[in-house]
Amino acid sequence: MNRRQSKLMKVTSGVYAAFIFLFLYAPIAVLIGLSFNESKLRSSWGGFSLKWYASLFQNDRLMEALWTTLLLALLSAAIATVIGTVAALALHNMRGPFRSVLLSVTNIPMLNPDIVTGVSMLLLFTFFAYPMGFSTLLMSHVAFNVPYVCMSVLPKLKQMNPSLIDAAMDLGMKPMTAIWKVVVPEVLPGVITGFLLAITMSIDDFIISFFTSGVGVSTLSVEIYSMTKRGINPEINALSTIMVVVVLALLIAVNLRPDHKDGEMINIG
Amino acid sequence: MKYKGLTYTYTAYAFAFFFAPLLLILFYSLTADAAGRDFTFTLAHFARFFDFSHPQYMKVLVDSFRIALISTVICLLLGYPMAYVLANMKPRVRSFLSLLFVLPMWMNFLLRTYAWMSLLETNGLINMLLTAIGLPPITIMYTEKAVILGMVYNYLPFMILPIYNSLIKLDGSLLDSADDLGASPWQTFSKVTVPLTKPAIFSGINMVFMPSVTTFAISTLLGGSSTTLIGTLIENQFKVANDMGFGSAMSVIIMIFVFGTSALSGGSKDEEVGL
């Protein structure tokens with residue numbers, strides 16, 4: 001939609017947009033500025049320095065958490081992609097009341113507040129006295145990612161010509177081969193979307209990781225939370241600056257794709 | 001039915017990892033001390049929460065809803081005009097601006113919340129600026145206001161996004177015909193634009209309200225001990241007090257309330273966002 005606007009409206013709109021952008025960006029700009037401040041005090045500018053970056057990279061806990069986060073994101077997204085695609089296939093081939101039951105169950109992690117999902121996974125592991133660690137983080141991340149993958153694959157299955165799979169089997173393919181050779185290539189865009197979405201969700205997650213991480217293993221978010229709880233620390237400023245730069249680079253790369261839809265916002269889910 | 005094996009395997013998985021954990025919450029909330037293997041049925045955890053002679057827990061629940069509601073209303077009041085302004089820009093400009101809009105959302109929300117800590121502190125930057133221009137400093141850090149500010153800051157894009165995506169798809173000829181038929185700009189807006197974007201408004205409200213009402217990180221970092229939310233209470237039961245029964249009871253309560261409100265406003269938190 002595009003409406004004709006008076007001069008006054010245009011100016012007001014511009015001022016308002018500027019105000020909101022200032023609100024969104026001022027805090028981040030301040031963090032970036034302070035990350036180069038030699039002095040630990042925020043009230044004085046001690047000159048330009050990269051020392052917080054240096055000490056950030058020597059912070060073993062944080063570096064380890066970064067490694068855990070990346071490994072967890074890739075592994076959980078890969079596993080969730082397989083399970084989520086199977087889930088979509090199962091739901092696609094089902095009829096009747098049992099299908100809607102399974103669909104509702106699949107939707108549980110997506111509809112529940114994260115804190116409830118976190119608590120429920122924690123209880124699952126404590127109930128079976130399963131020790132908390134990387135494997136519990138992995139199982140939880142897989143679990144909350146499965147519905148997102150499933151929901152990105154399901155519409156692609158609906159668009160697929162149902163006779164394709166019958167044709168493949170009539171021509172002598174085994175059912176599993178038919179899935180692998182016919183269905184998977186057909187729904188691949190949905191599978192890839194699901195995989196990327198799962199990676200983002202996993203990196204972005206704090207609450208569920210907070211409840212399911214064990215002693216000695218934590219993700220970047222959990223580590224950041226315990227750091228910020230202890231108060232202001234210039235290393236976090238340096239970390240934020242690096243994250244802003246990485247995210248900016250990724251977003252520019254993604255949005256420069258020629259097929260990008262005009263003006264539509266990308267969403268992190 | 002094709003692919004029975006796959007279907008059964010997935011069904012087993014879904015029930016084990018999605019459904020069973022929810023049942024466990026219910027089980028822990030209704031047993032005396034499941035963590036200590038005492039499985040006696042009891043309503044004591046719920047009674048402790050809804051104790052009218054010591055209403056401190058109910059007060060926390062009411063506070064959480066009140067604060068989340070205030071944040072949601074502020075997000076709507078700030079977000080709708082922003083989405084409207086963006087949607088009315090030239091496509092080239094708005095696709096660039098919308099990119100700028102998502103950028104902060106991709107940064108870890110704890111870092112975004114942390115950013116406000118150094119601004120809002122008693123000797124933080126805002127107060128330094130105020131003192132420099134001769135105004136009295138403000139005390140906002142570790143108050144409820146700081147928590148609301150943190151929520152609005154974190155969740156505003158969740159309100160703008162669905163509304164913006166719905167506004168750019170709006171059929172302009174409907175607005176033109178309203179104009180032609182003599183509606184004032186305000187009438188066109190309130191009688192045509194708003195009703196047509198209603199689903200997006202509701203989905204925005206849901207996406208802001210739900211994380212606001214269950215957060216514990218924002219309130220801990222910006223509110224300190226001034227603001228206890230239901231999320232903080234739950235986190236405490238599992239991480240500090242180790243009273244899993246009571247924590248589970250509160251999780252059940254929050255689940256019922258959240259599903260109740262989202263049923264009232266209609267739709268799920270992921271509707272209308274468009275991937």
Quiz item: Using 7 Å Cα-to-Cβ label points, what is the B:LEU264/B:ASP33 separation (nm, one decimal)?
Solution: 3.8 nm
Quiz item: Which of the residue pairs A:LYS7/B:LYS198; A:LYS156/B:LYS198; A:LYS40/B:LYS145; A:LYS10/B:LYS191; A:LYS51/B:LYS239; B:LYS145/B:LYS191 have a Cα-Cα distance greater than 25 Å in the structure shown?
Solution: A:LYS7/B:LYS198; A:LYS156/B:LYS198; A:LYS40/B:LYS145; A:LYS51/B:LYS239; B:LYS145/B:LYS191
Exercise. For B:THR31, list long-range residues whose amide hydrogen, built 1.01 Å from N in the peptide plane, is under 5 Å from its own amide hydrogen.
Key: B:THR42
Quiz item: What percent does the relative contact order of region B:28-150 come to when contacts are Cα pairs within less than 8 Å and at least six residues apart?
Solution: 14 percent
Exercise. Return the sequence-ordered ³J(HN,Hα) values of region A:114-127 in whole Hz as given by the Karplus equation 6.51 cos²θ - 1.76 cosθ + 1.60 applied to θ = phi - 60°, using x for Gly and Pro.
Key: 3, 5, 5, 4, x, 4, 5, 5, 4, 5, 4, 6, 5, 4
Self-check item: Length added when fully stretched, A:LYS229-A:MET9, from 0.36 nm per residue minus Cα-Cα
Solution: 74.8 nm
Self-check item: Under the Debye formula (equal points on every Cα, no solvent term), log10 I(q)/I(0) of the protein assembly as shown at q = 0.06, 0.08, 0.09 Å⁻¹
Solution: -0.32, -0.58, -0.74
Quiz item: When Lys and Arg each count +1 and Asp and Glu each count -1, what net charge do the other residues less than 12 Å away from A:ALA17, Cβ to Cβ, add up to?
Solution: +2
Practice problem: Taking the Cα atoms of region B:54-265, report the difference between the largest and smallest coordinate on each principal axis, in whole Å and largest first. | Solution: 64, 49, 28
Quiz item: Quick one: Cα centre-to-centre distance for region B:31-77 and region A:59-75, in angstrom?
Solution: 34 Å
Quiz item: Where nothing but the Cβ of Lys and Arg (+1) and of Asp and Glu (-1) is charged, how large is the charge dipole of the protein assembly as shown around its Cα centre, in debye to the nearest 20?
Solution: 680 debye
Quiz prompt | Relative contact order (%) - criterion: Cα under 8 Å, at least six apart; region: region B:54-265 | solution = 28 percent
Practice problem: Classify chain A as rounded, prolate or oblate from the Cα gyration tensor: take a ≥ b ≥ c as the square roots of its eigenvalues, call it rounded if a/c is under 1.5, otherwise prolate when a/b beats b/c and oblate if not. | Solution: oblate
Quiz item: Taking chain A as a Gaussian network, Cα atoms linked when under 10 Å apart, which of A:LEU74, A:LEU171, A:LEU56 shows the biggest mean-square fluctuation?
Solution: A:LEU171
Quiz item: How much mean residue ellipticity at 222 nm does the protein assembly as shown get from its helices, if each DSSP H run of length 4 or more adds -39500 (n - 2.57) and you divide by all residues, to the nearest 500 deg cm²/dmol?
Solution: -22500 deg cm²/dmol
Quiz item: For region A:207-221, what does the Karplus curve 6.51 cos²θ - 1.76 cosθ + 1.60, with θ = phi - 60°, yield as ³J(HN,Hα) per residue in whole Hz, taken in order and with x for Gly and Pro?
Solution: 4, 5, 4, 4, 7, 10, 8, x, 5, x, 10, 8, 8, 4, 4
Self-check item: Relative contact order for region A:1-113, counting Cα pairs under 8 Å that sit 6 or more residues apart, in percent
Solution: 10 percent
Quiz item: Based on the Cβ-Cβ distance of A:LEU22 and A:SER55, what FRET efficiency does E = 1/(1 + (r/R0)^6) give at R0 = 22 Å, to the nearest 0.05?
Solution: 0.10
Quiz item: Roughly how crowded by other chains is peptide B:18-30, in terms of the mean Cβ count from those chains within 10 Å of each of its Cβ atoms?
Solution: 6
Exercise. Between A:ASP205, A:ASP114, A:ASP166, find the one with the highest GNM mean-square fluctuation for chain A; connect C-alpha pairs within less than 10 Å.
Key: A:ASP166
Practice problem: May I ask you to list the residues of region A:183-197 whose amide nitrogen lies under 15 Å from a point 7 Å from Cα along the Cα→beta-carbon direction of A:ASN161? | Solution: A:183, A:186-187
Quiz item: According to a simple spin-label model (label point 7 Å from Cα along Cα-to-Cβ), what is the distance in nm between B:ALA183 and B:THR42?
Solution: 6.0 nm
Exercise. Find how much the distance from A:LEU256 to A:ILE242 grows on full extension, using 0.36 nm per residue of separation minus their present alpha carbon separation; answer in nm with one decimal.
Key: 2.9 nm
Quiz item: Spin-label point model (7 Å from Cα, Cβ direction): what's the B:LEU26 to B:TYR8 distance in nm?
Solution: 2.6 nm
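Every number here is computed from the coordinates shown, using simple stated rules; none is lab data. Note that the structure is predicted; figures quoted are calculated from it, not measured. Cβ sites come from the backbone with ideal geometry, for glycine too, and all protein chains shown count toward neighbours.
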